[in-house]
Amino acid sequence: MNLIPFTGAVVAFLLALSSWMETIQKDKERNEKNPPKVSSSGILSSKFNLSFLYKYTATFLFFSLTILLLHIYAELTKEIHFESFFYGIHIPCLLLIGPLGYIFFEEMSGGEVYKIRFFHFLPSLLSVLYVFLFRPLGDLISKFGFELQTNLFYVESILVLLGISVVSILGYISFFLVRMFVWKLDSMENIQSSFLPFISFLFFSLFVVVLFVLSQLFFMSLFLLACFALTSLLVLLLVLKMNHKDLILKFKLETRLARYQESRVKGIDVSQVLQRLSDLMNLNQLYLHEDLTLASLAKHLDLNTHQLSEILNAKLGYTFRNYVNGFRLSEAARLLKEKPEMPIISIIYSSGFNSKSSFHKLFMDRYGVSPQVFRSKTN
């Protein structure tokens, strides 16, 4: 039974590794596509210096779970007695799970993850100082367990911090559930296929946390069951990421749309407009429709043409035509590289252009060579 948390640690590490690789791959694809820049208030801004924490949120989240489960395994197998320095390392990790989960949820649902307050991370930082700098002198854990009277206060304080950590995670998950129910009630036609799997996933997460709370407060016999439930949750998430990426993408689209409609009730939220605009172009690929106009795009955004034109000019620095053509040129360049057998005339129309001459001129302006030369160089 002690292998349950170890198995969970392995799965969590695989999730952390896959998230890290996905982030690197997304960066590579973003650099290759060279999408239009967004102003400093937007999500895709090249001027906005993304912190390492925000960029690798999922990686840090699953790595924190890895350390937590390894710590549980070490306690269950008594290995922690031989490596007493690591006693308490799970506290900062637990206090990070809530804020990191918050950022992860906000990113998936189109929120402004960069506006998270510093105080979300303050408990974790302070716990690091307490756990490692205020540790009692000498070996904290003897081979006889926690029997040293001088360390009793420290051990009890760690247990208190453990309780606070679990309760904080409970609060974050409850917040996610409330938000999803609000979106579901307000957007009955928008959140359909993706709602049930993810709301079930959140309820399962809530169940896992409740199990840990009950095991700590009342029934320690539930501890292994809680570990098993957490491991099962991680396995489920790994399977979801491997085999149901389309469901995750659909969830992002539907919740971002629900969030966008929610923000429109309060007026124009430019950052939400930019995120929704990014989804329409990058995910829905509206630029592939050659009859796409400023009016039709504004209708998708529930804006009038003047409002959209002003946002494109003031926030992105593009006219509507230049903005759309940027995506079309990136798509044409991708097809030229990935489909060498595809005729260039077919690529022109497949990319959303309806004029051969204008395509060649725009392509030369952007890449400095003709489509034929570009294809020969890349292949």
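The values are calculated or read from the model by the stated rules, or taken from the named source; none is laboratory data. In this text the structure is predicted, and so the values were computed from the model without any measurement. When we count neighbours, we look across all protein chains shown, and the Cβ atoms used for this are built from the backbone with ideal geometry, even at glycine. Accessible surface areas use protein heavy atoms only, side chains included; no ligands, DNA or RNA. Shrake-Rupley method; radii C 1.70, N 1.55, O 1.52, S 1.80 Å.
Does SER232 count as among the hydroxyl-bearing types (Ser, Thr, Tyr), modelled with pLDDT of 85 or more and under 26 Å from the mean Cα position of the chain (by Cα)? So SER232 fits the description; yes.
Listed by first and then second residue, the pairs linking a residue in segment 233-259 that is touching a residue at least 24 places away in the same chain (Cβ under 8 Å) to a residue that is surrounded by fewer than 15 Cβ atoms within 10 Å (Cβ to Cβ) and of a type in the set (Ser, Thr, Tyr), with Cβ atoms under 9 Å apart and 6 or more places separating them unless they lie on different chains, are LEU247/SER193; LYS250/SER193; PHE251/SER193; GLU254/SER193.
Would you please name the residue that is nearest to the chain's Cα centre (by Cα), looking only at residues in segment 284-302 that are open to solvent by 70 Å² or more (accessible area, probe 1.4 Å) and under 25 Å from LEU335 (Cα atoms)? So, considering only residues that are open to solvent by 70 Å² or more (accessible area, probe 1.4 Å) and under 25 Å from LEU335 (Cα atoms), the one nearest to the chain's Cα centre (by Cα) is ASN284.
It is to be established whether one or more residues within segment 83-98 are surrounded by fewer than 19 Cβ atoms within 10 Å (Cβ to Cβ) and either modelled with pLDDT of 85 or more or not hydrophobic (A, V, I, L, M, F, W, C) (or both). Checked against the condition, which is being surrounded by fewer than 19 Cβ atoms within 10 Å (Cβ to Cβ) and either modelled with pLDDT of 85 or more or not hydrophobic (A, V, I, L, M, F, W, C) (or both), segment 83-98 yields at least one hit. Of the residues making up segment 35-50, not a single one is over 14 Å from the mean Cα position of the chain (by Cα), at pLDDT 50 or above and open to solvent by 70 Å² or more (accessible area, probe 1.4 Å). Counting only residues that are among the polar types (S, T, N, Q) and open to solvent by less than 30 Å² (accessible area, probe 1.4 Å), which one in segment 200-224 is modelled with the lowest pLDDT? Once the filter is applied, the top-ranked residue is SER215. Determine, yes or no, whether LEU329 is at pLDDT 90 or above and either in a helix (DSSP H, G or I) or open to solvent by 60 Å² or more (accessible area, probe 1.4 Å) (or both). Yes. Residue count for segment 317-326 satisfying the condition of being touching a helix residue (DSSP H, G or I) at 6+ places or on another chain (Cβ under 8 Å), part of a helix (DSSP H, G or I) and open to solvent by 20 Å² or more (accessible area, probe 1.4 Å): 1. For segment 136-158, check the following and say yes or no: at least one residue is closer than 14 Å to ILE91 by Cα, modelled with pLDDT of 60 or more and part of a loop (DSSP other than H, G, I, E, B). Within segment 136-158, none of the residues are closer than 14 Å to ILE91 by Cα, modelled with pLDDT of 60 or more and part of a loop (DSSP other than H, G, I, E, B). Checking segment 51-58 against the condition returns a match, with at least one residue being open to solvent by 50 Å² or more (accessible area, probe 1.4 Å) and at pLDDT 75 or above. Against the numbered list (1) at pLDDT 75 or above; (2) out of contact with any Asp or Glu (no Cβ under 8 Å at 6 or more places or on another chain); (3) under 22 Å from GLU22 (Cβ atoms); (4) not hydroxyl-bearing (Ser, Thr, Tyr), ARG117 comes up short only at (3).
Okay, residues lined up against (1) more than 30 Å from ALA295 (Cβ to Cβ); (2) of a type in the set (S, T, N, Q); (3) open to solvent by less than 40 Å² (accessible area, probe 1.4 Å):
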{"site": "ALA226", "(1), (2), (3)": "yes, no, yes"}
{"site": "LEU234", "(1), (2), (3)": "yes, no, yes"}
{"site": "VAL239", "(1), (2), (3)": "yes, no, no"}
{"site": "LYS250", "(1), (2), (3)": "no, no, no"}
{"site": "LEU253", "(1), (2), (3)": "no, no, no"}
{"site": "ALA258", "(1), (2), (3)": "no, no, yes"}
{"site": "ILE268", "(1), (2), (3)": "no, no, no"}
{"site": "VAL273", "(1), (2), (3)": "no, no, yes"}
{"site": "LEU280", "(1), (2), (3)": "no, no, yes"}
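The residues of segment 337-373 that are among the hydroxyl-bearing types (Ser, Thr, Tyr), touching a helix residue (DSSP H, G or I) at 6+ places or on another chain (Cβ under 9 Å) and free of Cβ contacts under 8 Å to residues at least 12 places away in the same chain, listed by number, are SER346, SER355, SER358, SER370. Which of the residues spanning segment 345-379 are within 20 Å of HIS289 (Cβ to Cβ) and at pLDDT 90 or above? ILE345, SER346, ILE347, ILE348, TYR349, SER350, SER351, GLY352, PHE353, PHE359, LEU362, PHE363, listed by residue number.
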